[in-house]
Every structure is written in C-alpha cells, then in structure tokens.
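S.K.: The following block contains the structure, expressed as structure tokens.
The values are calculated or read from the model by the stated rules, or taken from the named source; none is laboratory data. Predicted model, so just to flag it, every value in this text is computed and none were measured. When we count neighbours, we look across all protein chains shown, and the Cβ atoms used for this are built from the backbone with ideal geometry, even at glycine. For the accessible areas, the whole protein counts, side chains as well, though only heavy atoms, and no ligand, DNA or RNA atoms are used. Shrake-Rupley method; radii C 1.70, N 1.55, O 1.52, S 1.80 Å.
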Amino acid sequence: FLLNPDDPLLRRELSQLLVNTGSALIAKRDYQSASECLNRAAWLEPNSTEPLFQLAKLQLDIGQTNSAVGILKGVLKLKPNNVMARRMIDKLEKK
C-alpha cells in the first residue's frame, strides 16, 4: 500500500482487513483499538458504509446511542436508500 496508495484494489482490501480487525476487537471489548481500525478503514474507503456500520455498533456497545444515530445518518448521506441504516435509526430514535 505504501508503494502505491492510489491503487483502489489495495485500498479496498486494506479497508476490509481493518473492518474485520475492528469487528474482532469490538467482540473483545477493545474499543479504543477497534475505533482506530474502523476510522482508518473509513478513511481508506470513504464511500464504503461497512466501516460506518461497525463504528455505529461500537458506539452502541459503549452506550453512545446519539453518536451511533449520527454515524448511521452519515450512512444515509452516502446511500440514501440504505434500508438497514433507516431501520436502525428508527429503532434507536424510538427508545
């Protein structure tokens, strides 16, 4: 990646690796490291919603519902027809 940071395939693959690592870290309750991985993944692939969904999950795990809703609204800005994000927002805002 360092030799060719503009390669879209490398960016996508590295982002996916970071999302997977971040998800595993959430499961281990290592929220700081998970956040770092997921934020890097989002930086690498700014149009991908997967890192954002995982960041929203992390926020919910630590009790930050408003932050999770904000992240999910960011997903809707990227993909306005994303049914999963809309459902999650509706569910969280009813609480």
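S.K.: Could you size up the charge dipole of the chain around its Cα centre, putting +1 on the beta carbon of Lys and Arg and -1 on that of Asp and Glu, and report it in debye to the nearest 20?
M.R.: Taking the Cα centre of the chain as origin, the dipole is about 520 debye.
S.K.: Just reorder Ser35, Ser15 by solvent-accessible area, largest first, 1.4 Å probe, all chains present.
M.R.: Ser35, Ser15
S.K.: Please compute P(r) over all alpha-carbon pairs of the chain, binned at 5 Å starting from zero, and give each bin as a whole-number percent.
M.R.: 3, 15, 23, 21, 19, 11, 5, 2, 1, 0
S.K.: Place a label point 7 angstrom from the Cα of Asp7 along the Cα-to-Cβ direction, then list the residues of region 27-55 whose backbone nitrogen is under 18 Å away.
M.R.: 44-45
S.K.: May I ask you to list the residues of region 48-64 whose amide nitrogen lies under 13 Å from a point 7 Å from Cα along the Cα→beta-carbon direction of Lys79?
M.R.: What the label zone holds, given the 13 Å backbone N cut-off, is 48-54.
S.K.: Output the pairs from Lys28/Lys91; Lys57/Lys77; Lys28/Lys73; Lys28/Lys57 with a Cα-Cα distance over 23 Å in this structure; if there are none, say none.
M.R.: The answer is Lys28/Lys91; Lys28/Lys73.
S.K.: Apply the Karplus curve 6.51 cos²θ - 1.76 cosθ + 1.60, θ = phi - 60°, to the phi angles in region 68-83 and return the couplings in whole Hz, x for Gly and Pro.
M.R.: My calculation for region 68-83 gives 4, 4, x, 5, 5, 5, x, 4, 5, 5, 6, 9, x, 9, 6, 5 Hz in order.
S.K.: Then there's this: Residue by residue, what Karplus-based ³J(HN,Hα) values in Hz, rounded to whole numbers, does region 18-33 have, using 6.51, -1.76 and 1.60 with θ = phi - 60° and x for Gly and Pro?
M.R.: 5, 5, 4, 5, x, 4, 5, 5, 4, 4, 8, 6, 9, 5, 5, 5
S.K.: Lys79: which aspartates and glutamates have alpha carbons under 17 Å from its alpha carbon, excluding same-chain residues fewer than 8 sequence positions away?
M.R.: Leaving aside aspartates and glutamates fewer than 8 places away in the same chain, those within reach of Lys79 are Glu45, Glu50, Asp90.
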